[in-house]
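Asker: Sharing a structure below in structure tokens format, with a few things to ask.
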Amino acid sequence: TLKMSFALEPCRRPAQTEEAALPGQLMQLLQAVPEQIAKASSERSCERLSKCLAALKPRQVDKGAPEPLDLEAIRHLCAQGVPDEVWSLRAVLWKVLLGYLPVDVFQWDGTLLAARSQHRDFVKELLKDFEGVEEPCQNSLSQTFHQIRKDVVRTRPELDFFSRRIDGQGGNHALTGREAGFAHIAEPCYHFDILARILLLYAKLNPGIDYVQGMNELVAPLYYLFAQCEACIVKVEADTFFCFSLMMASLRDAFMEDLNNTDAGMLGRLRHCEDILSTEDPKLWRHLEEHSVPQMFYVVRWITSMMTEDLEMPEVLRAWDA
């Protein structure tokens, strides 16, 4: 199981006598969001942007420590849909709700610094398991890597983003047909190379789950979103890896056959989905029952892929807000 030591040792909060500097990501939002509000075409858009930004601002009470962020309020706002105009706003909100960024905003910079440093160490250890750049050693990760590199080049085929070079060379040119057939994890050249390294590292650190086909589609929205608002691909990779790991912590039981018959396993989640459907849309539920449409035909795909295989990327981002 992945252990993130940075989360176990909170960074020191500035003393009351110190001037507490706002974290870099929040400072960027304090500049970008008002600029977008000034350009907004509707009052509703202005209101949503303002509320989302306000939910991330620290509140000081009687010169004491700032109040922690209200996760329930943030979750409620996200469920209504995060405005698309500011990529970094959605990225920060997701990082907070996933638990990657702490509820004390003054710990954000230290948390990110520690996490990214830890990720560099993880990658160094991972690369020791490989000879050269392209071919893995004959070890337990060989078969996993073989499957991952086939899957990542097929990720989100409607987008050419993952087939583009990470250094920006070639402009909008992408590999046609994604004919590469393998991913470079030692010296990544394309965005799908980064996806492969994230997934392989996750499999190495979580041998009980390893890699399951479809995980490439789960990590893609996170990476795609973070890459839109951070120029440093090393930071994007680290943030994506930890957010993916945190997301999988709540999904992992659905990928484990031993837990299929439990409430947390696949069958338990199927029953839960049936309860939701029968309550929220009884007409549709009765129609499916009358026509003997098994839940396995549609719900399993929804659960394991979190709708990524059924929706276009903009719709996936909106669905994941909730």
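The values are calculated or read from the model by the stated rules, or taken from the named source; none is laboratory data. Note that this is a predicted model, so its numbers are computed, not measured. So basically every Cβ, Gly included, is an ideal-geometry build from the backbone, and we count neighbours across all protein chains shown. The area values use the complete protein model at the heavy-atom level, side chains included, leaving out ligands, DNA and RNA. Shrake-Rupley method; radii C 1.70, N 1.55, O 1.52, S 1.80 Å.
Asker: With V123, V133, V61 as the choices, which residue is of a type in the set (V, I, T) and modelled with pLDDT of 95 or more?
Answerer: Values: V133 fails: modelled with pLDDT of 95 or more; V61 fails: modelled with pLDDT of 95 or more.
V123 is the lone residue from the list that is of a type in the set (V, I, T) and modelled with pLDDT of 95 or more.
Asker: Check whether at least one residue in region 276-292 is in contact with a Phe, Trp or Tyr (Cβ under 9 Å, 6 or more places away or on another chain) and among the hydroxyl-bearing types (S, T, Y), and report yes or no.
Answerer: Going through region 276-292, the residues in contact with a Phe, Trp or Tyr (Cβ under 9 Å, 6 or more places away or on another chain) turn out to be 277-279, 288.
Now narrow it down to the ones that are among the hydroxyl-bearing types (S, T, Y): 278-279.
Yes, region 276-292 contains a residue that is in contact with a Phe, Trp or Tyr (Cβ under 9 Å, 6 or more places away or on another chain) and among the hydroxyl-bearing types (S, T, Y).
Asker: Here's a follow-up. How many residues are open to solvent by 50 Å² or more (accessible area, probe 1.4 Å) and not in a helix (DSSP H, G or I) when one looks only at region 294-305?
Answerer: Looking only at region 294-305, we keep the residues that are open to solvent by 50 Å² or more (accessible area, probe 1.4 Å), and these are 294, 296-297, 301-302.
Subset that is not in a helix (DSSP H, G or I): 294.
So the answer is 1.
Asker: Only one of R318, R301, R269, R286 is over 19 Å from A79 (Cα atoms) and at pLDDT 90 or above. Can you tell me which?
Answerer: On the way: R318 fails: over 19 Å from A79 (Cα atoms); R301 fails: at pLDDT 90 or above; R269 fails: at pLDDT 90 or above.
Going through R318, R301, R269, R286 in turn, the sole match is R286.
Asker: How many residues, within region 47-78, are surrounded by fewer than 17 Cβ atoms within 10 Å (Cβ to Cβ) and in a helix (DSSP H, G or I)?
Answerer: Within region 47-78, residues that are surrounded by fewer than 17 Cβ atoms within 10 Å (Cβ to Cβ) and in a helix (DSSP H, G or I) number 9.
Asker: State the number of residues belonging to region 96-114 that are over 15 Å from the mean Cα position of the chain (by Cα), among the hydrophobic types (A, V, I, L, M, F, W, C) and outside any helix (DSSP H, G or I).
Answerer: The number of residues fulfilling the criteria is 1.
Asker: Any idea which residue in region 5-43 is modelled with the highest pLDDT, counting only those that are assigned to a loop (DSSP other than H, G, I, E, B) and open to solvent by 90 Å² or more (accessible area, probe 1.4 Å)?
Answerer: In the first step, residues of region 5-43 are kept if they are assigned to a loop (DSSP other than H, G, I, E, B); the result is 9-23, 40-42.
This time we only want the ones that are open to solvent by 90 Å² or more (accessible area, probe 1.4 Å), so: 9-10, 12-13, 16-17, 19, 41.
Details: E9: 46, P10: 47, R12: 51, R13: 52, Q16: 43, T17: 35, E19: 50, S41: 83.
This residue is S41.
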